[in-house]
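All of the numbers you see were taken from the coordinates with simple rules; none came from a lab. Worth saying up front: this structure is predicted, and the values here are computed from it rather than measured. A quick note on method: Cβ atoms are made from the backbone with ideal geometry, for glycine too, and the neighbour counts reach across all protein chains shown.
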Amino acid sequence: METVALIVAGGRGVRAGGGMPKQYRPLAGRPLLRHTIACFARHPEIDAIRVVIHPDDAALYAAAASGFDLLAPVHGGALRQDSSRNGLESLVEHNPVNVLIHDAARPFADAGVISRVIGALSDDTPAALAALPVSDTLKRADAQARVTGTVDRAALWRAQTPQGFRYAAIIAAHRAMAGRDLTDDAAVAEAAGLAVQLVPGSPDNIKVTMPEDFSYGERYLAAGATGGEYRTATGFDVHPFKPGDHVMLCGVNVPHDFGLAGHSDSDVGLHALTDALLGTIGAGDIGSHFPPSDPQWRGADSAVFLSHAAKLVNAAGATLRHVDVTLICEVPKIGPHRDAMREKLAAILALPIDRISVKATTTDGLGFLGRREGIAAQAAATVMFA
Ligand code: MG
């Protein structure tokens, strides 16, 4: 294994409010830790991720990490340094070349920061960390906040995480420094005499500490300035009419003079939308997940396909933001059912109804749809990688 990310989430930090450790408090609807994990889960140079947790937090962790393919969590210790060391010891069997140690409370570590830390590591430079030069003027003051001097900031940097290390070097340093009270892993490396390189961090890579940091984080995510990205993908499907008395469209039973032929319940709307969701994460198409040849899907409720695709999107670290379905047919009339369809999609996708669009059109009598031989649907889905 080349590079492992170790996310330290064992703290009790309650200054952020909310009655639970801050790394599990929701940020834009998902636990803070989930955002942090996603930063590393989507980075191509990270081969495995392990989270160090407090023994009391197993259930909170399971919820925050669900769907991600992670190494089993390990328990932290009394001090931050103990937690790092426990995490490092747990990696002995994997013996990675590099390890990146990261604070759970920094949910916006972008791919560039992670790449720069990894890129700086070499046998000559066994330690590197993200940092920013200090740009504010620094004052020294007494207990009454009376200025006693101005500090030269020229050589001062603010340390962030991730902090990256050659694994063999940092585990040896941690073992040697056990019991000493050092503030971060880089300080352990420094104390052990390792060369430590600074690489540019990011001003967005904030440490969420106080309640106002959560509001900042929510605004930041809402603005889409995540260092992540938005992706939109489309889906398309057609099913022919067959004898019957209703069609399933976007999960709604619409009475009609015909039914729709096909495997499952032939819900073209849900099929097109399922393909759109899969498209946002490059996860193939509905047929590759639910082969038409598999008898277990005969007559199946297509909501199963859509909710599976939604789970895969979530597991990929993305959040569904918007869906749009267009049904194309001469008959039946869609308008009277449109709101029921939107409500059904809202329920399947756990998405607010104002982020769901269902439209309908005809082909003005042209082609197979115009000849009333079946129904087509096209769909678009937009996700945000946070
Ligand atoms: Mg289909």
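Along the Cα→Cβ direction, 7 angstrom out, place labels at Lys139 and Ala63. What is the inter-label distance in nm?
Once both label points are built, they end up 4.4 nm from each other.
Under a 5 Å amide H to amide H cut-off, with H placed in plane at 1.01 Å, what residues pair with His256 once short-range neighbours are removed?
His246, Val247
Angle check, please: helix 211-222 long axis (alpha carbons) against the longest principal axis of the chain (alpha carbons), in degrees 0 to 90, nearest 10.
40 degrees
Taking H placed 1.01 Å from N in the peptide plane, check which residues at least 5 places from Ala360 or on another chain put their amide H under 5 Å from its amide H.
Leu327
5 Å is the cut-off here: which amide hydrogens, built 1.01 Å from N in the peptide plane, fall below it relative to Met20, excluding neighbours closer than 5 in sequence?
none
Hey, how many Å between the Cα centroid of the range 237-298 and the Cα centroid of the range 130-151?
64 Å
If you look for lysine pairs in the chain that are eight or more places apart or on different chains, how many of them have Cα atoms under 21 Å apart?
Summing the qualifying lysine pairs gives 6.
Taking 2.2 N^0.38 Å as the expected size of a compact globular protein, what ratio does the Cα radius of gyration of the range 194-324 give against it, to two decimals?
Against the compact-globule rule of thumb, the ratio is 1.51.
Can you run phi through the Karplus equation (6.51, -1.76, 1.60; θ = phi - 60°) for the range 114-124 and list ³J(HN,Hα) in whole Hz, with x for Gly and Pro?
Running phi through 6.51 cos²θ - 1.76 cosθ + 1.60 with θ = phi - 60° gives 4, 5, 5, 5, 4, x, 7, 6, 7, 5, 7 Hz.
Could you tell me how many degrees, from 0 to 90 and to the nearest 10, lie between the Cα long axis of helix 338-349 and the main elongation axis, the longest principal axis, of the Cα atoms of the chain?
It is inclined by approximately 40 degrees.
Given charges of +1 on the Cβ of Lys and Arg and -1 on the Cβ of Asp and Glu, with all other atoms neutral, how large is the dipole of the range 3-222 about its Cα centre, in debye to the nearest 20?
Taking the Cα centre of the range 3-222 as origin, the dipole is about 540 debye.
What's the longest piece of the chain with no exposed GluC sites (Glu not before Pro), counting a site as exposed if DSSP puts it in a loop and it has at most 13 other beta carbons within 10 Å?
For GluC sites (Glu not before Pro) (loop position, at most 13 other Cβ atoms within 10 Å), the longest site-free span of the chain is 94-386.
Apply the Karplus parameterisation 6.51 cos²θ - 1.76 cosθ + 1.60, with θ equal to phi minus 60°, to every residue of the range 357-363 and state each ³J(HN,Hα) to the nearest whole Hz, in sequence, with x for glycine and proline.
So the Karplus estimates, Gly and Pro as x, are 10, 10, 10, 9, 8, 10, 10 Hz.
What angle do you read, to the nearest 10 degrees and between 0 and 90, between the alpha-carbon axis of helix 80-90 and the longest principal axis of the chain?
Between helix and principal axis, roughly 70 degrees.
Each residue of the range 284-299 in turn: what ³J(HN,Hα) in whole Hz from Karplus with 6.51, -1.76, 1.60 and θ = phi - 60°, glycine and Pro shown as x?
The phi angles translate into x, 10, 4, x, 7, 8, 10, x, x, 6, 7, x, 5, 9, 5, x Hz.
Exactly which trypsin sites (Lys or Arg not before Pro) in the range 345-386 are in a DSSP loop and have at most 11 other Cβ atoms within 10 Å?
Within the range 345-386, the qualifying trypsin sites (Lys or Arg not before Pro) (loop, at most 11 other Cβ atoms within 10 Å) are Arg371.
Helix-only estimate, please: 222 nm mean residue ellipticity of the chain, summing -39500 (n - 2.57) across DSSP H runs of length 4 or more and dividing by its residues, to the nearest 500.
Dividing the helical sum by the residues of the chain leaves -8500 deg cm²/dmol.
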